[in-house]
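Here the structure is laid out as structure tokens; the discussion comes afterwards.
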Amino acid sequence: MDAIDIAVAEARRFIASLPTRPVGPRGDAATMLAHLPAALPVQGLPATDVVRRIAAAAQPGLMANAGGRFFAWVKGGALPASLATDMMLTGWDQNAVLAATSPAASVLESLAGTLLLEALNLPRDASFAFVTGCQMAHVTALAAARHAVLARVGWDVEAHGLFGAPKIRVLANAHRHGSVDRALRFLGMGTDCLVPLGGPVPGRVGPDALNAALAMAPDAPTIVVLNAGDLNLGESDDFSALVPIAHAGNAWVHVDGAFGLWLAASPRLRPLVAGIEAADSWATDGHKWLNTPYDCGIAMTRDPVAHRAAMTLAASYLTAGGDLRDSMDWTPEWSRRARGITVLAALLELGRDGLADLIERCCDHALAIHDGIAALPGATGIARPIINQGMVRFHDRGGANITDAVIAATNAGGEAFFSGTLWQGERTMRISVCGWQTDAGDVARAVAAVGAALAGLY
Ligand SMILES: Cc1ncc(COP(=O)(O)O)c(C=O)c1O
């Protein structure tokens with residue numbers, strides 16, 4: 001066997017073990033590092049030996065989030081076609097920066113973007129960029145937003161930067177993800193520009209709050225950041241009401257749809273994000289609900305001119321793609337992996353109906369897990385899933401919060417894996433279902449595993 005055979009065999013062995021291996025990792029750093037030299041070897045090792053050693057080292061530290069019983073954070077698995085395509089992509093070793101460096105990457109990523117806009121029901125002429133994750137999708141889309149709102153007041157941010165520029169306000173859902181704040185830091189706007197917005201419905205921006213915030217500084221360059229699927233409640237903003245208000249105030253509307261944007265792919269769930277297509281930019285992930293391998297985020301904008309202006313660069317030694325797309329015009333990276341091809345593979349494997357079914361069944365499973373756990377003695381449902389996210393909490397007979405202990409005991413058991421959060425000042429367990437592998441059997445096993453952990457502590 002050569003090194004590639006060994007790597008493929010290892011990947012296969014891991015995937016085959018998912019139904020039976022403990023979901024959580026089992027090893028400490030010393031166990032892992034025992035397989036590898038601690039110092040740089042003077043002479044290199046044979047490739048086969050390197051791959052075998054790395055595989056052995058990683059084994060006890062691998063998280064089985066690719067399987068059906070991982071419900072922590074927001075993680076999908078990797079669909080077979082997407083995973084296999086990713087492996088091929090690694091073998092091809094293409095630099096997808098320009099059409100000139102890889103026409104295949106350019107053509108296939110272009111098709112991926114076109115099919116993606118169709119799948120998500122977004123404007124077919126929107127621009128898109130395949131980046132490392134939703135974090136960088138925010139950076140990309142908010143750079144386009146920054147360009148557009150400053151151009152409206154006559155300021156060229158690409159040439160002059162932000163020194164001396166009119167100050168931008170960012171009116172954002174108070175339940176936004178921290179990656180929005182970090183994107184604003186990276187873009188030189190700083191978190192002080194943020195104005196958090198709430199409303200009568202937890203997790204959602206109220207139209208009155210948005211109207212009032214816009215009226216505070218009607219002439220200021222303004223970006224509004226809304227949520228499709230917040231992390232804890234799964235709530236989405238009322239785009240049909242809010243986007244027209246923001247646009248009337250001359251603001252750019254950016255949507256964090258890291259996972260919630262995929263609701264638009266389901267006829268049953270689409271009403272939850274009605275009006276989202278009217279926003280100016282959207283950030284999402286392939287590696288969450290679409291179930292591509294890591295790392296795969298996507299930025300899309302309704303303003304290709306602003307998007308391109310924020311990202312593009314011409315240099316004398318670069319060859320422009322002509323009719324073909326140069327990803328350098330759209331992404332913050334220079335050299336890059338053609339990760340968009342894994343999106344293409346996932347979309348083709350699922351098709352329109354398969355994608356809708358994936359999104360819908362994850363929501364159904366989240367509900368079943370929540371309701372199954374909430375019915376256990378000592379458990380309380382805190383947020384019944386509207387989509388694929390929910391929360392529960394555990395108390396002992398004396399009323400003490402034992403949530404962290406229940407999570408730890410469940411995860412130690414290996415049958416399922418959950419994570420905790422602080423919700424309204426109390427420790428709470430999150431339920432997140434994103435993986436294509438999760439089925440009714442996994443749901444039953446997960447509820448039973450939590451029940452067993454709770455019974456020992458209640
Ligand atoms: C709502 C939301 N936005 C953004 C992110 C950041 O995404 P990524 O980890 O792909 O950069 C996450 C990650 O969990 C998220 O849940």
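The values are calculated or read from the model by the stated rules, or taken from the named source; none is laboratory data. Note that the structure is predicted; figures quoted are calculated from it, not measured. For neighbour counting, all protein chains shown are included, and Cβ atoms are generated from backbone atoms with ideal geometry for every residue, glycine included.
Quick notes on this one:
- One residue alone among Ala137, Ala78 is outside the structural domain of His307 (by TED's automatic domain parsing) and within 19 Å of the chain's Cα centre (by Cα), and that residue is Ala78.
- Test: residue in segment 112-128 that is acidic (Asp, Glu) and closer than 29 Å to Leu355 by Cα: yes
- Lone qualifier among Ala315, Ala264, Ala310 - being of a type in the set (A, V, I, L, M, F, W, C) and at pLDDT below 95: Ala315
- Filtered residues of segment 240-271 (kept if within 21 Å of the chain's Cα centre (by Cα), hydrophobic (A, V, I, L, M, F, W, C) and either part of a helix (DSSP H, G or I) or crowded, with 24+ Cβ neighbours inside 10 Å (or both)): Val253, Val255, Ala258, Phe259, Leu261, Trp262, Leu263, Ala264, Ala265
- Number of the exception - Leu269 against (1) under 23 Å from Gly67 (Cα atoms); (2) away from the ligand (no atom under 15 Å from the Cβ): (1)
- Pair list, Cβ < 8 Å and 6+ apart or interchain, from segment 105-129 residues that are at pLDDT 95 or above and in a helix (DSSP H, G or I) to residues that are of a type in the set (A, V, I, L, M, F, W, C) and surrounded by fewer than 17 Cβ atoms within 10 Å (Cβ to Cβ): Ser106/Leu324; Val107/Leu324; Ser110/Leu324; Leu115/Leu348
- Here no strands (runs of 3 or more DSSP E) wholly within segment 310-425 include at least 3 residues being on the phi > 0 side of the Ramachandran plot.
- Residue within segment 185-208 that is within 12 Å of the ligand (Cβ to nearest atom), surrounded by 15 or more Cβ atoms within 10 Å (Cβ to Cβ), of a type in the set (A, V, I, L, M, F, W, C) and more than 26 Å from Val97 (Cβ to Cβ) present: no
- Count of residues meeting criterion [buried (at least 24 other Cβ atoms within 10 Å of the Cβ) and of a type in the set (Ser, Thr, Tyr)] in segment 122-150: 2
- Residue within segment 327-348 that is more than 30 Å from Val157 (Cβ to Cβ), more than 16 Å from the ligand (Cβ to nearest atom) and surrounded by fewer than 17 Cβ atoms within 10 Å (Cβ to Cβ) present: yes
- In segment 19-30, the qualifying residues are those that are loosely packed, with under 14 Cβ neighbours inside 10 Å and not hydrophobic (A, V, I, L, M, F, W, C), and the one that is modelled with the lowest pLDDT is Arg26.
- The set of residues from segment 6-18 being under 26 Å from the mean Cα position of the chain (by Cα) and either modelled with pLDDT under 95 or among the hydrophobic types (A, V, I, L, M, F, W, C) (or both) comprises Ala11, Phe14, Ile15, Ala16, Leu18.
- Taken residue by residue, segment 379-387 has at least one member that is out of contact with any Phe, Trp or Tyr (no Cβ under 9 Å at 6 or more places or on another chain) and in contact (Cβ under 8 Å) with a residue 60 or more places away in the chain.
- Residue count for segment 272-286, restricted to those that are within 16 Å of the ligand (Cβ to nearest atom) and part of a loop (DSSP other than H, G, I, E, B): 2.
- When Leu45 is tested against (1) in a loop (DSSP other than H, G, I, E, B); (2) at pLDDT 95 or above; (3) within 30 Å of Val443 (Cβ to Cβ), only condition (3) is not met.
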